[in-house]
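Encoded as structure tokens, the structure appears first; notes follow it.
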Amino acid sequence: MDRRTILTGITTTGTPHLGNYTGAINQAIQSSKNEEHNSFFFLADYHSLIKNKNPEEIRQSSLEVAATWIALGLDTKKTVFYRQSDIPEILELNWILNNFTAKGLMNRAHAYKSAVNENKSNNDSEPDKGITMGLFSYPVLMAADILMFKASHVPVGQDQIQHLEMTRDIAQRFNHLHGEIFVIPEAILNKKSSVLPGLDGRKMSKSYNNFIPLFCSSDDLRKFVMKIKTNSLEPGEPKSTDDSHLYDIYKAVGTNDQTNSFKNKLHEGLAWGDAKEELFELLDSLLSDSRNEYYRLIKDPSHLNSLLLNGAQRARELSVPFLSKIRQLVGIGSLS
Ligand code: TRP
């Protein structure tokens, strides 16, 4: 098999929760251990400006996301781990790509379309009310992130598939004019990320406030698990796993053996309270080592900073010469 280049970005809004872990984070960390691939993971902090204008929250989230990835075992020697904002070439490429991006293509981006639809449903006379150019052109920045490092495979959630299509489109337009410069990337769909239910059974998400934080004290973790909604079947009554959020969460973190045994116990009538205790024990043992590491890292931002800067340095060994080549191609470069 060809050597793949895997790249993914994490927008630095909020504190990572269990849903992020079972979806993107765990998968990315596992693939980073595969020696056959090159991998690039980065904090998409410029992307977070689109949603968040609070500098303190952006800084805090960058710190927490970086600490989470490292605490969960990302190997920064095998992976290039960096902050988007430490690679100025990405923003230069972003501008160049703007000129290869049809505005009509951006009109179809669903984040933009849903903002317009919301204005329309509120009967606003201005359909673009409150929409920034950042939101509108967000997919171009994402294309620059991906194309800069010649990513061949990009693990993303369902909501990002359209952005990958746009990246391909933009890259093809550029290549059509200038030759095979950009690698046309493929999306790898992260199926698990869309299905982890939260405490109330809806998708686990920061915006529904129904999430289980990844790193909190054991006591708090137990409290969160106890809040997971179950039905009113009594202890001793057989419980189906078909519509149990508790079971779905267990399954997302347990091994196959653990999950099968949990399933059997529920069929045999395990009480919901005891089932929650089992899920808590599983999560607590899974997370306790990383939790200690996380708190150690959070207290030492300068260590995280130097890891990220080291990643940026390695990334720039590629981005600086590549951008220079692209600039020459479009006619922006040395006059001599
Ligand atoms: N937009 C992505 C998200 O919200 C984050 C992101 C930014 C990204 N740049 C990327 C993901 C490049 C993959 C590749 O999830």
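The values are calculated or read from the model by the stated rules, or taken from the named source; none is laboratory data. Computed from a prediction, not measured in an experiment: that's the story for all the values here. FYI the Cβ positions are ideal-geometry reconstructions off the backbone, even for glycines, and counts take in every protein chain you see. Calculation scope for accessible area: heavy atoms of the full protein, side chains included, ligands and nucleic acids excluded. Shrake-Rupley method; radii C 1.70, N 1.55, O 1.52, S 1.80 Å.
Summary table
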| item | result |
| --- | --- |
| Residue list for segment 1-33, restricted to those being within 23 Å of Asp248 (Cβ to Cβ) and not in a helix (DSSP H, G or I) | Gly14, Thr15, Pro16, His17 |
| Failed criterion for Lys299 (all others in (1) closer than 22 Å to Ala71 by Cβ; (2) basic (Lys, Arg); (3) touching a residue at least 40 places away in the same chain (Cβ under 8 Å); (4) surrounded by fewer than 17 Cβ atoms within 10 Å (Cβ to Cβ) hold) | (3) |
| Asp169, sole failed condition from (1) at pLDDT 95 or above; (2) open to solvent by less than 50 Å² (accessible area, probe 1.4 Å); (3) in contact with a helix residue (DSSP H, G or I) (Cβ under 8 Å, 6 or more places away or on another chain) | (2) |
| Residue that is within 15 Å of the ligand (Cβ to nearest atom), out of contact with any helix residue (DSSP H, G or I) (no Cβ under 7 Å at 6 or more places or on another chain) and of a type in the set (S, T, N, Q), where the choices are Ser114, Ser137 | Ser114 |
| Some residue of segment 196-209 being within 13 Å of the ligand (Cβ to nearest atom) and surrounded by 14 or more Cβ atoms within 10 Å (Cβ to Cβ) | yes |
| Count of segment 12-33 residues which are without any contact (Cβ under 8 Å) to a residue 40 or more places away in the chain and open to solvent by less than 60 Å² (accessible area, probe 1.4 Å) | 0 |
| Output for segment 34-66, where each listed residue is surrounded by fewer than 21 Cβ atoms within 10 Å (Cβ to Cβ) and in a strand (DSSP E or B) | Asn38 |
